[in-house]
Each structure stands twice: as C-alpha cells, then as structure tokens.
Amino acid sequence: MKNLLKTLIITLFIISCSNEKKSNEINLYSQRHYAVDKKQYENFEKLTGTKINVIKANADELIERLKNEGENSPADLFISVDAGKLYKASKMNLLQKISSEKINRNISNDLKDPNGYWVPITYRTRIIVYSKERVSKEELSTYEDLANEKWKGKILVRSSSNAYNQALMSSIIANNGSESASKWSTSIVKNFARNPKGNDRDQVKAIAAGQGDLAIVNSYYIGLLLSSENPEELNAGNSIEVYFPNQGEDERGSHINISGIGLTKHSPNKENALKLIEYLTGENAQKLYINTSHEYPVNPLVEPSNIVKKWGDFKRDSLDLNLLGKYREDAIKIFDKTGWK
Ligand code: FE
C-alpha cells in the first residue's frame with residue numbers, strides 16, 4: 001500500500017512536471033518573413049517567461065505539415081500573410097474557433113473573420129505606384145482601368161505564382177466574376193512592360209530605372225524603401241507616388257489582405273497561445289509592427305507609421321477575405337490561361 005502510494009505520488013509529480021514544461025511554451029508555424037516578428041516574440045518571452053518556438057516555411061508546406069501531424073502536432077498557432085491560406089486551413093479542419101473578448105476588442109470590426117477561425121495581426125493593401133516623372137495622378141483610377149490600352153508597355157508586376165497576386169486576382173473574381181477577371185488579365189498581360197520577374201521592391205526599382213511607369217505592389221514595401229539606408233532602395237522609393245485604386249464613391253475600395261493567426265485544432269498550449277494573440281493585437285505590439293514593417297495596424301487605437309500616414313486614408317474593399325481562399329484555384333487557372341507568367 002505504501003509502495004503504491006509512493007508510485008502514485010511520483011507519477012503525479014512527473015505528470016505535473018511535464019504539464020508545467022508544456023504549458024510554458026508556444027509552438028508557432030509561421031509564413032511571415034519579417035525581422036520585426038523575432039522582436040515581438042522576444043518581448044513576449046520577457047514579459048511572460050513563455051518560450052516561443054518558431055518554424056518558418058511557406059503556407060502550403062505548413063498546412064501540409066499540420067495535416068500530416070494530426071492530433072500529435074506540437075503546433076499551437078499558424079501564421080500566414082494571406083487570409084486565403086487561413087481559410088484553406090480552416091476548411092481542412094486544422095483550426096479551432098477563437099473566442100476571446102479581449103482579442104475581439106483589439107480588432108477593428110471590418111477586419112475580423114466572419115467565421116471566427118482567424119485573427120488579423122496586421123493588414124496591407126495592394127496598391128498602384130506610379131512614376132513621378134512620367135505619370136500624373138489624374139490618369140489613374142481603378143485596378144480595372146489598368147487593362148486600358150493607354151498603359152501598353154508600362155505595367156510592372158511580379159509573377160502570378162506569388163500569393164499577393166493570387167489574392168488580388170481572387171478579389172477581382174469575387175467582385176467582378178470569372179469572365180470579367182479573365183478579360184482583365186488578358187489585357188493586363190498585353191500592357192506588361194516586361195515579363196514578370198523579381199519581387200515587389202524590384203518592380204519599384206524598375207520604375208526608377210525607366211523600365212516601366214506603373215507597378216502593382218504591397219503598401220509596406222514602399223514604407224520599407226523610403227526608410228531604407230540603401231541609396232538604391234531610397235532612390236526607388238522616391239521615384240514614385242502611391243495611389244489607392246477604386247476609391248470613387250460607388251467603387252469598392254482598394255484590395256487588402258491580412259497577416260493573421262489561426263489557433264490549431266489540437267493546440268497543446270491553448271491558453272498561452274491565446275495570450276500571445278492578445279499581446280500581438282495589443283497597442284504596444286501593434287506600434288512595433290507598423291513602425292518596423294510599415295504594415296497597417298488592425299487595432300483601431302493605433303495609427304500607421306509616419307511614412308504611411310502621409311499617403312492619407314483610403315477606403316478598403318470590404319469583401320469577406322475568406323473569398324481570397326475560396327477563389328484561389330480559379331485565380332491560378334485564369335493566370336495560366338491568359339499567359340500571366
Ligand atoms: Fe511580403
């Protein structure tokens with residue numbers, strides 16, 4: 001009896017130790033590729049003593065990994081720079097709903113997931129930038145107008161294999177229908193200044209070098225160029241102006257996407273994971289994001305960085321961002337069919 005009791009106590013002790021160890025960490029699967037993230041996690045670790053382990057890969061790889069690991073997955077959180085991938089993970093039953101009053105209060109209402117599976121931590125808009133020397137603002141209006149012949153040989157944009165372009169095309173399908181999106185893509189391809197290559201920043205550099213007049217890029221890259229210490233980048237940033245498309249009264253607003261977090265279905269450290277989401281959407285972390293990466297804050301109490309603020313306010317497309325995932329396959333088909341490499 002005494003021995004049995006002893007064994008029981010030892011067993012309980014081991015269980016409580018292993019729980020202790022478990023409950024003091026968070027495992028993140030993240031697609032984000034920005035330096036500011038490391039700083040955020042260090043700050044959270046200092047504040048709470050909770051260790052954050054990060055595994056970085058592209059979104060589809062992380063989703064595949066979550067699927068294969070199933071119930072045994074060590075992952076607590078899945079972070080993506082695309083609502084479409086979070087939607088995909090939720091559809092594959094890899095996420096659980098997040099319900100927290102505190103987190104809810106931190107987020108602007110129109111940026112929330114209507115289904116409750118993901119929480120945005122920042123957002124970005126895919127804008128048009130134009131050469132200060134060769135284009136005037138009055139010539140610009142909408143994404144749709146980029147199909148106009150007047151832009152022949154002038155548009156710079158990266159490859160269609162990129163998630164940012166896929167999300168933009170998904171939004172055009174969701175708003176205008178597949179047929180219209182397909183026509184738009186055909187015309188845009190005719191207007192390309194060159195075959196798609198490079199990343200968003202390279203398109204801006206190409207404007208500075210006179211290789212084209214307009215580029216379609218994510219907003220924060222302009223903030224990064226304008227705050228860069230590299231003269232080539234700074235010069236590229238200064239060669240262009242920012243334009244928010246589709247701002248007219250009866251237009252839908254500029255396309256946005258979020259960087260967001262989902263709580264995994266089998267999260268072993270759920271309580272800590274929720275605390276991290278709460279932290280990342282809180283005022284301090286939001287300020288750090290926007291001042292370092294020049295993304296837009298999701299917390300209404302925080303303003304964009306000084307550089308970004310100068311561009312002024314804009315109307316965002318209020319589309320349910322889950323549709324960016326729903327129409328992803330269609331978007332890729334349209335790109336292939338219309339020769340957007
Ligand atoms: Fe990016």
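Amide H to amide H distances under 5 Å link Glu295 with no residue, where only residues 5 or more positions off or on other chains count and H is placed in the peptide plane.
Computed extension gain for Lys309 through Glu61, at 0.36 nm per residue and net of the alpha carbon distance, reaches 85.8 nm. For the stretch 42-131, applying the loop criterion from DSSP together with a ceiling of 12 other beta carbons within 10 Å to the trypsin sites (Lys or Arg not before Pro) yields Lys97. Sequentially through the stretch 276-282, phi angles give Karplus couplings (6.51, -1.76, 1.60; θ = phi - 60°) of 5, 4, 4, 5, 5, 9, x Hz, Gly and Pro residues having no value and appearing as x. Counting only DSSP beta bridges with both residues in the chain, what percent are antiparallel, rounded to the nearest 5? Approximately 65 percent, going by the DSSP bridge assignments.
For Asn322, the amide hydrogen comes within under 5 Å of no other amide hydrogen, counting only partners 5 or more places away or on other chains and with H modelled in the peptide plane. Cross-link list Lys56/Lys333; Lys265/Lys287; Lys112/Lys183; Lys56/Lys287; Lys46/Lys275: which exceed 25 angstrom alpha carbon to alpha carbon? From Lys56/Lys333; Lys265/Lys287; Lys112/Lys183; Lys56/Lys287; Lys46/Lys275, over 25 Å: Lys56/Lys333; Lys265/Lys287; Lys112/Lys183. According to the Cα-based calculation, Rg over Rh for the stretch 60-191 is 1.06, with Rh computed by the Kirkwood formula.
Could you sort His266, His255 by accessible area so the largest value comes first, with the probe set to 1.4 Å?
His266, His255
Here the Karplus relation 6.51 cos²θ - 1.76 cosθ + 1.60, evaluated at θ = phi - 60°, turns the backbone of the stretch 89-99 into coupling constants of 4, 5, 5, 7, 6, 9, 10, 10, 5, 10, 10 Hz, with x for every Gly and Pro. Over all orientations, the stretch 254-341 has a Cα convex hull whose mean projected area works out to 8.6 square nanometres.
Over all orientations, the chain has a Cα convex hull whose mean projected area works out to 19.3 square nanometres. Annotation note: GluC sites (Glu not before Pro) in the stretch 134-232 located in DSSP loop regions with a Cβ neighbour count of at most 16 within 10 Å are Glu229.
In this calculation the C-beta distance from Glu71 to Thr142 is compared with R0 = 56 Å, giving a FRET efficiency of 0.75. Over the chain, dividing the summed -39,500 (n - 2.57) contributions of all DSSP H runs of at least 4 residues by the number of residues returns a 222 nm mean residue ellipticity of -13500 deg cm²/dmol.
Heavy-atom accessible area, probed at 1.4 angstrom with all protein chains present, ranks Ile307, Ile173 as Ile307, Ile173, highest first.
The values are calculated or read from the model by the stated rules, or taken from the named source; none is laboratory data. Because the structure is a prediction, the values reported are computed rather than measured. Cβ coordinates were reconstructed from backbone atoms using ideal geometry, including for glycine residues, and neighbour counts include every protein chain displayed. Side chains included, ligands, DNA and RNA excluded: accessible areas come from the protein's heavy atoms. Shrake-Rupley method; radii C 1.70, N 1.55, O 1.52, S 1.80 Å.
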